[in-house]
Amino acid sequence: MKLSILASAALILVASVSAQPVKKIIPAPEDVAGPPAAASTTESGLSSRVITPGSSEIKPTLDDMVAVRFTSWTTDGTMYQHSGEREPVWAPVSALIPGWREGVQLMSLGETRRFWIPEALAYAGAEGRPAGTMVFDVELLDIINPKIAPDDVAAPPSDAEVTPSGLASRVLREGTGSGHPRGSQEVTVHYTGWTTDGVMFDSSYMQGAPATFRLTGVIRGWTEGLKLMVPGEKRRFWIPSNLAYRGERGKPQGMLVFDVELLGVGK
């Protein structure tokens, strides 16, 4: 199994900015024409105000990747883009347009913030992009750095659940959906894999898109582990060698550790 080849779509980078055109029209906020007096403004001219406070004090850095949902408008109230309401948009902070790059580093995890991004920090006259100030509502859903291994990468902790096969796991985030993948169903996931010495060897985040595959088309530890999950859940797996690549030449050896987020289940 080579998971990375399953991620074929380009990353939706806000640097190019990029959500798919959508049919749903979201009305512009009342203050779309310009930042209110209560907004804060940085030295660069980026204005913002918090819509919903974050659930954590953790903030992203330039080295991180962030998961966001967003909607944008021009200052005359015309909706430009909407990221959608299902899978979040993942992007490296360093690859975002300047206004986003500066702005998301002001946000804490779980926060929703409205930004008024002047043209010089937005599309800067790029062909096919709106001119002038852009207004974005941004929800910061997750922050990761796939290159940094988790603290417990060397071995499963005492609170991990272990199946009879030896597959260990613990839930990092509870799911929002119901029903477990089964049989040969198709699943869509985001994931990162490390060896137990902390070396990252594969990541859908770094590839730029989630991976979609059938349960029967991956290593045994993945097949078994995904059947424990529900959509929206994020789980860490410690997969022993006999459930992973079993010494296959050219593949990572020994126990492997994966963080897996189950985004959806198909037919």
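The values are calculated or read from the model by the stated rules, or taken from the named source; none is laboratory data. Everything numeric in this text was worked out from a predicted model, so none of it was measured. Don't worry about glycine lacking a Cβ; one is built from the backbone with ideal geometry, like all the others, and counts go over all protein chains shown. Accessible surface areas use protein heavy atoms only, side chains included; no ligands, DNA or RNA. Shrake-Rupley method; radii C 1.70, N 1.55, O 1.52, S 1.80 Å.
Summary of computed values
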| quantity | calculated |
| --- | --- |
| Residue-wise HN-Hα coupling along the range 118-129, computed from phi with Karplus coefficients 6.51, -1.76, 1.60 (Hz; x: Gly, Pro) | x, 3, 5, 9, 10, 9, 6, x, 4, 4, x, 10 |
| Whole-number accessible area per residue in Å² for the range 74-189, which is evaluated in the context of all protein chains at 1.4 Å | 47 Å² |
| Theoretical gain in end-to-end length, residue 220 to residue 154 [0.36 nm per residue, Cα-Cα removed] | 21.7 nm |
| Residues residue 201 and residue 76, FRET efficiency given R0 of 45 Å [Cβ-Cβ distance, rounded to 0.05] | 0.40 |
| Karplus (6.51, -1.76, 1.60) ³J(HN,Hα), θ = phi - 60°, over the range 137-151, in Hz, Gly and Pro reported as x | 9, 10, 10, 8, 9, 7, 9, 9, 10, x, 6, 9, 6, x, 5 |
| Residue pairs, from the table 59/147; 59/234; 24/227, whose Cα atoms sit over 22 Å apart | 24/227 |
| Calculated [θ] (222 nm, deg cm²/dmol) that DSSP helices of n ≥ 4 give over the chain, each run adding -39,500 (n - 2.57) | -1500 deg cm²/dmol |
| Rg(Cα)/(2.2 N^0.38 Å) for the range 160-204, N = residue count | 1.43 |
| Residue 241/residue 124 FRET efficiency (R0 51 Å; Cβ-Cβ; nearest 0.05) | 0.50 |
| Amide proton proximity set for residue 255, modelled H, under 5 Å, gap of 5+ | 241 |
| Where labels lie 7 Å past Cα in the beta-carbon direction, separation of residue 174 and residue 38 in nm | 3.1 nm |
| Within-13-Å neighbourhood charge of residue 170 [Cβ basis; K, R +1; D, E -1] | -3 |
| Dimensions in Å of the chain - Rg and Dmax from alpha carbons | 20.3, 63 |
